[in-house]
Amino acid sequence: MKVKLVLLFFIVIFSCPLFGAAAFAEALDRDGNSITWTFSFEEGNNTARVRNNAIEQLKSQGHSNVRATLSTTLNKGYYAVLYTAFMLDGVLRKSFAFGFSAKSEEDAQNVAVKNLNKVKGWTAERGYTVNKIGAF
């Protein structure tokens, strides 16, 4: 019994760094346009806590309309942040799109483009710029 407990203890201790959680949050203006974003990462497997940390980072900067946009349980990987601004029905729309990948920065960017396709009124012809690409 002691051997099993010791073995379980070592498995838990040494596997902790294998798990992580990362999240993006963004601040919106009163028209629903994206103003800014933040990224949060923690070792451990609690995406809810990391999402809340990202939201709190933006709220501490004075933003009131904040939402968590994307999270992952990857311990290490790549992320991409894309930005687009386009006219829709005579109104300027600004939006960020986020992507995570365990494979590569390019794959993270492809995931972000897929998420950008979910933005109302956005099409590939409207374009985007890469705001930031990195690893965590």
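Some values worked out for this structure:
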| item | result |
| --- | --- |
| Residues located in the stretch 25-38, provided they are within 21 Å of residue 134 (Cα to Cα) and either of a type in the set (D, E, K, R) or crowded, with 18+ Cβ neighbours inside 10 Å (or both) | 25, 26, 27, 34, 37, 38 |
| Filter result for residue 54 (loosely packed, with under 15 Cβ neighbours inside 10 Å, under 13 Å from the mean Cα position of the chain (by Cα) and free of Cβ contacts under 8 Å to residues at least 60 places away in the same chain) | no |
| Any chance residue 118 is at pLDDT 95 or above, in a loop (DSSP other than H, G, I, E, B) and either more than 19 Å from residue 35 (Cα to Cα) or hydroxyl-bearing (Ser, Thr, Tyr) (or both) | no |
| Cβ pairs under 8 Å, 6+ apart, first in the stretch 124-136 and closer than 30 Å to residue 19 by Cα, second charged (D, E, K, R) and outside any loop (DSSP other than H, G, I, E, B) | 133/105; 134/105; 135/105 |
| Number of the condition not met by residue 32 [criteria: (1) modelled with pLDDT under 95; (2) assigned to a helix (DSSP H, G or I)] | (2) |
| Matching residues in the stretch 61-105 - criterion: being of a type outside the set (Phe, Trp, Tyr), in contact with a Leu (Cβ under 9 Å, 6 or more places away or on another chain) and farther than 19 Å from residue 28 by Cα | 75, 101, 102 |
| Count of the stretch 95-136 residues which are loosely packed, with under 13 Cβ neighbours inside 10 Å, more than 17 Å from residue 73 (Cα to Cα) and of a type in the set (Lys, Arg) | 3 |
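The values are calculated or read from the model by the stated rules, or taken from the named source; none is laboratory data. Bear in mind the structure is a predicted one, so any value in this text is a computation, not a measurement. Cβ sites come from the backbone with ideal geometry, for glycine too, and all protein chains shown count toward neighbours.
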